[in-house]
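A.B. asks: Please find one structure pasted underneath; my questions will follow.
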Ligand SMILES: [Zn+2]
Ligand SMILES: [Zn+2]
């Protein structure tokens, strides 16, 4: 993985492996937070890469959550094209800069996504195919800790429980099991 964490200054790697020809087209994909809609990541990818490469690169906390297990469904919606066969190469789909497309993964987590740039390779880009997809930007994501034990990541939000004085509580699985939940509401929690 070529992820450069918090990478406003993504460092261009040294040449290695197969070198790209000068006329190779590069596409920048920008991804947004599924709920709060801020920019989370930006990936530079060659026209020869596939949507599978892009999918494998995008980092999202939903990938670490057990919620949604069993639904590994991934769909890219690019204008009129609905891409379910991820072996499709980027060059096979017509792209428009700035149009809002969508990326759905884990069957439930949907991100807005845009193409923010399409251009030829230049000398400041990583020069080898093996460096792509190349991460240009990655924001910090926030995942709450369980408010009861303060140890594990929260996986659920508990609403309207008569034992808690506040409206809702973020809990890990173990702590959730301490509550009698038949009269309250429990929702899976992924991240803020
Ligand atoms: Zn996601
Ligand atoms: Zn806990």
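A.B. asks: Using helices alone, what [θ] at 222 nm do you get for the chain, with -39,500 (n - 2.57) per DSSP H run of 4 or more residues, divided over all residues and rounded to the nearest 500?
C.D. replies: Counting only the DSSP helices, I get -1000 deg cm²/dmol.
A.B. asks: In whole angstrom, and with the biggest value first, how far do the Cα coordinates of the chain range along each principal axis?
C.D. replies: 65, 36, 26
A.B. asks: How big is region 143-192 on each of its three principal axes, counting only the C-alpha atoms and giving the largest first in Å?
C.D. replies: 26, 19, 17
Laboratory data are not the source of any read-out in this text; all were calculated from the coordinates shown. Treat the numbers as computed from the prediction; the structure is a model and nothing was measured.
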